[in-house]
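Notes for the one structure printed next.
Please treat every number below as a calculation from the coordinates, not as lab data. Keep in mind it's a predicted model, so treat the numbers as computed, not measured. Every residue, glycine as well, gets a Cβ built from its backbone with ideal geometry; the counts of neighbours run over all protein chains shown.
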Amino acid sequence: MAGIEFQNICKSFGSAKVMENLNLTIEDGKFTVLVGPSGCGKTTLLRIIAGIGPASSGRCLMDGKDITDLEPAKRGIAMVFQNYALYPTMNVRENIVFGLKNIRMPKEERDKLVNEYSQIVGLLDQLQKSPSQLSGGQRQRVALARAMVKTPKIFLMDEPLSNLDAKLRVQMRGELIELQKRLGATFVYVTHDQVEAMSMADTIVLMNKGEIQQKGSPEEIYDDPNNVFTAQFIGTPPMNLLAMENGCRLGYRPEVVRLCREHAAAGYCAAGNIVTREMLGSETHYKVRLRDGDVMVKTQDKSFCAGEAVYISVAAGDMYFFGPDEQRIREGHARYRECLEAAGGAL
Amino acid sequence: MKRMRVKFLAVSGSVLSVLLLLGGALLIKIAGISDIPQAGFPGALLGGRYFLIILGVVLGVASTCLGSTAVEGGLQKKRYFPYLLIAPAMVFLLIFVVYPILNVLFLSFFRGSVQNPTKEFVGLKNYIALSEKSQFIVSVKNTFFYAAIFVTLVIVCSLLMALWLFDDRKINKFSQTAVFTPHLIATVSCAFIWRWIMDFNDYGVLNTVLSLFGISPVPWLESSKTAMWAIIVMNVWKNIGYYTLILIAAMKNIPAEIFEAAVLDNASRTKRFFKIILPMISPQLFVTLILLTIGSFNVFDSVNAMTAGGPGSSTEVIARFIYLFAFGNVNSLGLGCSAAVFLMSIQLVLTAAYFKLLARRVHY
Ligand SMILES: Nc1ncnc2c1ncn2[C@@H]1O[C@H](COP(=O)(O)OP(=O)(O)OP(=O)(O)O)[C@@H](O)[C@H]1O
Ligand SMILES: [Mg+2]
């Protein structure tokens, strides 16, 4: 089993610096999900772990041992590439079995594993096809099976489910979580999909522009964001943010807002007009135009209609404050009281 | 309305081009117009049939281009239209490829000379004479030997060279250019360079270097044991650069992730070469093999310039046999033609065999 530790990792491509002094620990045997906008360096990080795109400087440790210069093959890693990287001249079976043949696994054992894992990814009847004869989603599943069959210490997966339909994706998520529990291996999983991140992760690592914004359990990331970026990246619709007079920003999640027709008795309350209404079945999203800006409201109450004048109120405990440097102002911070008062949330 | 005019122009251009090409090629036969251009500027062009042929080619290309714009414009509905557009190219092919082949085949049944090619019909006698001629049999053997060694060496060496020069480094860019340079030099010049290098009597570079190591000079080109090898070495040296470049281009087409995936799959270097690189460059390798094989059976200029078939007949090859008998000896044009037919059949059979045996293993 293996935990991974990055120490002062820098990475540049030519003159372009994409990562500077990155420090991160990925726990042994955990399901860690890397999320962040496109181009933030997720793939770059995976490639550093795998050893196929080494860092420009800094150290990479595995189980406390320095692996910065270790050959990729010796790291005990399987990787699902973002663009699959299947071997085009081999059929599905050969693709899956290639890594096992190279470690000279006996044929019966190999065949058993191939059958088992191609069953899991639902490709048992496609083993003789070549990658060019498969659909995008099928190719992705071959890539997945090719990595799974090696049962390594560390799994690196670069958006392994991005091309699957919703039903299959849910099913494969389940399979991956189960596999992780069964093998107790370290999973590093990259995704764009925050639902996927929230539902699968033991730990979420949120990145932006080559920097780590926050690392924590899904609950921490959601309930206790460190900064504006985290607050807005996680959650759909994202957290509402409104500028305040003192230069700080007030934030609250769309689902904690109470929508009513009368002014609330106390605490934060603002008047506005409903601009749009989206009925999604179990819940309804309203966009409310306040004096300070637009906010989204997520509620089960579908009785309001577009154009209606309403009041919104938020409990003090549900409010977040961010300083001019976009960092969170937590309870106990020097400016917390001031912000609470500016928001009108103080009793 | 404008489109109709484009189409009309294309069709009439291509018809005219066909007529010009046919006319140019057949004029000498039908009207006995001189093949040799008249003196003076206009006569030199107009007198010969070359002018007609050149005009035909230009018109053909122009009308095909014109026609294709009409096709893109969605104008074409009639079935004959595409055929009309490719007609000039087909006629060109007929005149310059199909006709000469048939003509050689035809002449191989006659005894005659360049002046009078069809003096006497002899049926298959030329072929029978060929099979009994020891000079021809030696030539065939030598050609096969040359082809086998040459093709193998070029493919193996350019593969190794391509692997070696594959990485993007400045020095590799320079080396690629360096190994490619011989390809730009005329074979005859190369042959002379290598004659100097391998010179025996006045101590060529090679023998001088060898003598530094205390090895006595070797008569590379003057000994029947080494002469063919010397020619092979020269031709390999000349051809490696070109095929190295082709193979490097093919390898650069392989996405880097595939190698990385293979590295993570614990594939050794040899495994990566045989299981990934080789299958993925197989289309280019296949073409290379065919081009090299066909080319190697045509080997002529290097042999003629370096050894002229000698010493004895140790470097005689089929193409030189054809040359000697078709144009050299008296009344043996037919013999030369039959050797040419034989050569062509070997190339055809080999190419067909490659397709039959190897095409299955080529991954497109
Ligand atoms: N080979 C390369 N040469 C130059 N720049 C590169 C190279 N690979 C990546 N980059 C740059 O590094 C940054 C991070 O790229 P990376 O592939 O890690 O992003 P990512 O987080 O995986 O994005 P995505 O979610 O779109 O896959 C990007 O700005 C990209 O332009
Ligand atoms: Mg990526």
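Are any residues in segment A:17-55 within 14 Å of chain B (Cβ to nearest Cβ), small (Gly, Ala, Ser) and away from ligand 2 (no atom under 16 Å from the Cβ), and if so, which ones? Give the steps one after another, and end with the answer.
Residues of segment A:17-55 within 14 Å of chain B (Cβ to nearest Cβ): A:43-44, A:46-54.
Now narrow it down to the ones that are small (Gly, Ala, Ser): A:50-51, A:53.
Result: A:Gly51, single match.
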- Message: Checking A:Gly99 against (1) free of Cβ contacts under 8 Å to residues at least 40 places away in the same chain; (2) not in a loop (DSSP other than H, G, I, E, B), only one condition comes out false. Which one?
- Response: (1)
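Of everything in segment A:232-245, what is surrounded by 15 or more Cβ atoms within 10 Å (Cβ to Cβ) and in contact with a Lys or Arg (Cβ under 8 Å, 6 or more places away or on another chain)? Give them in sequence order. Lay out the reasoning, then the answer.
Of all residues in segment A:232-245, those surrounded by 15 or more Cβ atoms within 10 Å (Cβ to Cβ) come to A:232-235, A:237-242, A:244.
Across segment A:232-245, the qualifying residues are A:Gly235, A:Pro237, A:Met239, A:Asn240, A:Leu241, A:Leu242.
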- Query: Hey, among the residues in segment B:257-277 that are without any contact (Cβ under 8 Å) to a residue 12 or more places away in the chain and more than 9 Å from chain A (Cβ to nearest Cβ), which one's nearest to A:Val80 (Cα to Cα)?
  - Reply: B:Arg269
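Return the residue satisfying two criteria in turn: it lies in segment B:295-319 and is under 25 Å from B:Phe109 (Cβ atoms) and in contact with a Ser or Thr (Cβ under 7 Å, 6 or more places away or on another chain), and of such residues it is surrounded by the most Cβ atoms within 10 Å (Cβ to Cβ). Spell out how you get there, then give the answer.
Of segment B:295-319, the ones under 25 Å from B:Phe109 (Cβ atoms) are B:297-298, B:300, B:316-319.
From the residues that got through so far, the ones that are in contact with a Ser or Thr (Cβ under 7 Å, 6 or more places away or on another chain) too are B:297, B:316-318.
Values: B:Phe297: 22, B:Glu316: 25, B:Val317: 31, B:Ile318: 24.
If we take residues in segment B:295-319 being under 25 Å from B:Phe109 (Cβ atoms) and in contact with a Ser or Thr (Cβ under 7 Å, 6 or more places away or on another chain), then B:Val317 is surrounded by the most Cβ atoms within 10 Å (Cβ to Cβ).
With the structure loaded, tell me whether A:Ala197 is within 15 Å of ligand 2 (Cβ to nearest atom), over 19 Å from A:Met19 (Cβ atoms), touching a strand residue (DSSP E or B) at 6+ places or on another chain (Cβ under 7 Å) and away from chain B (no Cβ under 14 Å) or whether it fails that test.
Values: within 15 Å of ligand 2 (Cβ to nearest atom): yes; over 19 Å from A:Met19 (Cβ atoms): yes; touching a strand residue (DSSP E or B) at 6+ places or on another chain (Cβ under 7 Å): yes; away from chain B (no Cβ under 14 Å): yes.
Here the answer is yes, as A:Ala197 does meet what is asked.
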- Query: Restricting attention to segment B:78-104, which residues are surrounded by fewer than 17 Cβ atoms within 10 Å (Cβ to Cβ) and β-branched (Val, Ile, Thr)?
  - Reply: B:Ile86, B:Val97, B:Val98, B:Ile101
- Hey, B:Val218 in contact with a Ser or Thr (Cβ under 8 Å, 6 or more places away or on another chain), over 17 Å from B:Leu159 (Cβ atoms) and in contact (Cβ under 8 Å) with a residue 12 or more places away in the chain or not: yes
- Report whether or not A:Glu219 is under 16 Å from the mean Cα position of the chain (by Cα) and either within 16 Å of ligand 1 (Cβ to nearest atom) or at positive phi (or both). no
- Query: Is there any pair linking a residue in segment A:38-52 that is part of a helix (DSSP H, G or I) to one that is within 9 Å of ligand 2 (Cβ to nearest atom) and hydrophobic (A, V, I, L, M, F, W, C), with Cβ under 6 Å and at least six apart or on different chains, and which?
  - Reply: A:Lys42/A:Val190
- Item | Counted residues, segment A:56-90 - those being touching a residue at least 12 places away in the same chain (Cβ under 8 Å), surrounded by fewer than 16 Cβ atoms within 10 Å (Cβ to Cβ) and within 16 Å of ligand 2 (Cβ to nearest atom) | 0
- Query: Among the residues of segment B:206-255, which ones are outside any helix (DSSP H, G or I), surrounded by fewer than 18 Cβ atoms within 10 Å (Cβ to Cβ) and not β-branched (Val, Ile, Thr)?
  - Reply: B:Phe213, B:Gly214, B:Ser216, B:Pro217, B:Pro219, B:Glu222, B:Ser223, B:Ser224, B:Lys225, B:Asn253, B:Pro255
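Does segment A:178-189 include one or more residues that are outside any loop (DSSP other than H, G, I, E, B) and within 16 Å of ligand 2 (Cβ to nearest atom)? Write out each step before concluding.
Here is the first cut: in segment A:178-189, the residues outside any loop (DSSP other than H, G, I, E, B) are A:178-183, A:186-189.
Next cut, within 16 Å of ligand 2 (Cβ to nearest atom) only: A:188-189.
The answer is yes; a qualifying residue exists.
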- Identify all residues within segment A:147-167 that are more than 11 Å from chain B (Cβ to nearest Cβ) and part of a loop (DSSP other than H, G, I, E, B); write none if there are none. A:Thr151, A:Lys153, A:Glu159, A:Pro160, A:Leu161, A:Ser162, A:Asn163, A:Leu164, A:Asp165
